[in-house]
Amino acid sequence: MCPLPEAELVRSSVQLYRYLLRCCRRLPPGHIQQHYRHAIRLSFKVHADEDDPERIQQIIKRAIEDADWVMNK
């Protein structure tokens, strides 16, 4: 099960960013939320220059899988 029902609608990096931040809101407040929000921002900065559409879709798929794992742990 995906952390949020909108996971299958994520197609762009901006949509992914918003989706992951919404997932963070469901985590316990405090340091955990701050940690994952910071990690999301850093990941987007690292991959900002990515221009291969296939690679972008791989990153999106992996990020959603990782969010699912975090939400279920």
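The values are calculated or read from the model by the stated rules, or taken from the named source; none is laboratory data. These numbers come from a predicted model, not from an experiment. Glycine gets a Cβ as well: all are built from the backbone with ideal geometry, and neighbour counts include every protein chain shown. Areas reflect the complete protein model, heavy atoms only, side chains present, ligands, DNA and RNA absent. Shrake-Rupley method; radii C 1.70, N 1.55, O 1.52, S 1.80 Å.
The string of couplings for region 51-67 from the Karplus curve (6.51, -1.76, 1.60, θ = phi - 60°) is 10, 7, x, 5, 5, 4, 5, 5, 5, 4, 4, 5, 5, 5, 4, 5, 5 Hz, one whole number per residue in order, with x for Gly and Pro.
Each residue, Ser12 and His31, gets one label point 7 Å from its Cα in the Cβ direction; the gap between the two is 3.7 nm. Relative to the longest principal axis of the Cα atoms of the chain, the long axis of helix 31-46 makes an angle of roughly 10 degrees.
Over the chain, the alpha carbon radius of gyration divided by the compact-protein estimate 2.2 N^0.38 Å works out to 1.06. Which one, Ile64, Ile32, Ser12, projects farthest toward the positive side of the charge dipole computed for the chain from Cβ point charges (K/R +1, D/E -1)? Of the candidates, Ile32 comes out farthest on the positive side. For the chain, with all protein chains in place and a probe radius of 1.4 Å, 56% of the accessible heavy-atom surface sits on carbon or sulfur. Helix 13-25 and the longest principal axis of the C-alpha atoms of the chain enclose an angle of approximately 10°.
Taking amide H atoms as placed 1.01 Å from N in the peptide plane, the amide H of His47 has no partner under 5 Å among residues 5 or more positions away or on other chains.
Could you grab the relative contact order for the chain? Cα pairs under 8 Å, six or more apart, rounded to a whole percent. With pairs under 8 Å counted, the relative contact order is 49 percent.
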